[in-house]
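Below is one structure, written out as structure tokens; comments come after it.
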Amino acid sequence: MADAVLREPAAPAGLPDSPGTHKVVIVGGGFGGLAAAQAIVRRKTADRSIHVTLIDRNNHNLFQPLLYQVATAALGSNDIALPIRAVFRNRRGVEIMMADVTGIDRGRRMVELAGLAPVAYDTLVLATGSIYSWFGHDDWVARAPALKTLDDALGLRNRLLDAFERAELCDDPAETRRLLTFVVVGAGPTGVEMAGAIAELAHTTLDRDFRRIRPSTSRIVLCDAGPHVLAAFPRRLSDYAARRLQSLGIELRLGAGVEAIDAGGVTAGGERIEAECVFWAAGTEATPVAKWLGVEAGHHGLVAVQPDCSLPGDPAIFVIGDAASLAGPDGRPLPGLGAVAKQQGTYVGRLIAERLRTAGGRGSAAPAKPFRYRNWGQLAMVGGSSAVADFGWLRLTGFAAWLVWSAVHLMLLVSARSRVVVYVNWVWAWLTYSRGARVITRLPPSDRPGARA
């Protein structure tokens with residue numbers, strides 16, 4: 001293990017370095033990648049010089065759990081995103097690269113980039129997250145966009161608000177009903193939160209803004225092939241969420257797998273639903289990390305890793321977060337949650353720094369203790385001031401769960417500014433039933449949802 005960690009680096013490609021510097025390359029600036037980089041720079045010592053290169057296709061860290069609130073006009077895009085360079089502004093040993101990774105040459109220890117020279121590494125951390133899967137129906141991507149990036153959120157917000165504007169000008173009652181029908185596919189946390197937020201937007205915020213239509217009459221349909229909403233939660237919480245959603249006027253179509261999506265709407269469970277806006281929240285798969293590494297992909301494209309999050313047979317490579325498959329204490333795979341990625345990133349960052357410190361001139365590094373996930377619980381908003389929270393030993397619903405949900409999400413935001421701005425927006429919305437980000441912007445075609453892989 002120590003030999004792999006302490007191998008002298010190959011000549012770096014395109015980035016300045018000094019002799020004897022250990023190059024750590026982190027791919028992905030989300031929860032896991034950011035936590036890994038922060039843990040390394042906090043723990044590195046004079047025993048060994050470490051240069052960290054963090055590569056991401058975007059220049060910002062995005063707080064994805066609140067992305068649906070950008071899509072439904074509750075928050076602005078800057079409220080939940082922070083430039084990665086700002087995080088490491090005072091860290092000279094951290095290099096930020098905005099680039100697309102196209103592959104990994106394990107033999108040469110190189111990360112290959114689109115249109116740029118490859119970057120050499122001594123230790124590699126892959127924290128690339130997941131992408132949505134339309135189960136082989138690529139033609140559905142443009143018709144039913146998903147929610148993973150800021151571009152996605154702005155595109156969904158445009159479609160959502162534009163539907164109300166077009167309905168206001170429509171003289172055909174049937175077309176007006178279609179424009180005011182919104183379908184969310186997938187009843188996991190993202191789908192449930194999205195459906196609840198659309199209901200709140202239509203039934204409260206927008207209902208006072210129009211003259212010819214009544215947004216409160218909008219039809220919101222939540223479809224899922226499974227029999228329950230929030231299937232990963234305990235049944236009592238799932239049932240509460242279902243009742244709460246129905247009280248908001250949301251139609252639940254459970255046990256209704258999607259059979260077709262076209263420009264006019266959705267066919268699910270044999271029923272045709274005419275709708276202008278269809279939003280996808282049904283399933284995810286890992287980014288092509290397995291292909292890059294030349295290893296066999298597991299379920300949903302995940303890469304099986306060792307208890308210390310390293311790649312079997314290559315201890316200089318770590319895979320964390322949504323791209324990794326690692327069993328928890330109960331033998332079940334750890335869930336694809338931001339808390340898992342964040343804890344794994346911190347663990348791996350500390351492990352890398354500690355190995356370099358203890359092995360620097362003093363022999364082999366001690367074996368690492370296996371990664372252990374501390375369950376921070378599962379949380380989901382179900383509209384208004386209601387949520388569900390499962391901590392195993394404690395299960396909450398309603399307003400109490402919403403308070404916990406709010407506190408946890410504020411705590412996890414990266415910057416103090418974001419915490420303050422988001423908190424103020426929430427308080428204002430709670431007091432006035434208003435949402436301040438109701439501006440339609442026109443994205444260029446290349447940046448619209450579904451245009452990029």
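The values are calculated or read from the model by the stated rules, or taken from the named source; none is laboratory data. All of these numbers come straight from a predicted model, not from anything done at the bench. Using ideal geometry, Cβ is built from the backbone for each residue, glycine included, and neighbour counts are taken over all protein chains shown.
Before moving on, here are some points about what is shown:
- Test: residue in the stretch 284-294 that is polar (S, T, N, Q) and not in a loop (DSSP other than H, G, I, E, B): yes
- Against the conditions (1) at pLDDT 95 or above; (2) not assigned by TED's automatic domain parsing to the domain that holds Arg219, Thr128 satisfies every one except (1).
- Restricting the stretch 135-171 to residues that are among the aromatic types (Phe, Trp, Tyr) and more than 11 Å from Glu276 (Cα to Cα), the residue that is farthest from the chain's Cα centre (by Cα): Trp140
- Checking Thr267 against (1) assigned to a strand (DSSP E or B); (2) assigned by TED's automatic domain parsing to the domain that holds Ser216; (3) in contact (Cβ under 8 Å) with a residue 12 or more places away in the chain; (4) not basic (Lys, Arg), the condition it does not meet: (3)
- Filtering the stretch 123-145 to residues that are assigned to a loop (DSSP other than H, G, I, E, B), of a type outside the set (A, V, I, L, M, F, W, C) and more than 20 Å from Ala324 (Cα to Cα) leaves Gly136, His137, Arg143, Pro145.
- Hey, Arg166 in a helix (DSSP H, G or I) and either surrounded by fewer than 19 Cβ atoms within 10 Å (Cβ to Cβ) or among the polar types (S, T, N, Q) (or both) or not: yes
- Residues that are closer than 16 Å to Arg253 by Cβ, under 22 Å from the mean Cα position of the chain (by Cα) and crowded, with 24+ Cβ neighbours inside 10 Å, drawn from the stretch 181-205: Val183, Val184, Val185, Gly186, Ala187, Gly191, Val192, Met194, Ala195, Gly196, Ile198
- Within the stretch 276-313, the residues that satisfy the criterion of being within 23 Å of His228 (Cβ to Cβ) and either more than 22 Å from the chain's Cα centre (by Cα) or not hydrophobic (A, V, I, L, M, F, W, C) (or both) are Gly283, Thr284, Glu285, His299, His300.
- Test: residue in the stretch 370-379 that is of a type outside the set (D, E, K, R), more than 30 Å from Pro227 (Cα to Cα), modelled with pLDDT of 90 or more and not assigned by TED's automatic domain parsing to the domain that holds Gly28: yes
- Checking each residue in the stretch 87-97 for being over 27 Å from Met381 (Cβ atoms) and surrounded by 14 or more Cβ atoms within 10 Å (Cβ to Cβ) picks out Phe88, Arg91, Gly93, Val94, Glu95, Ile96, Met97.
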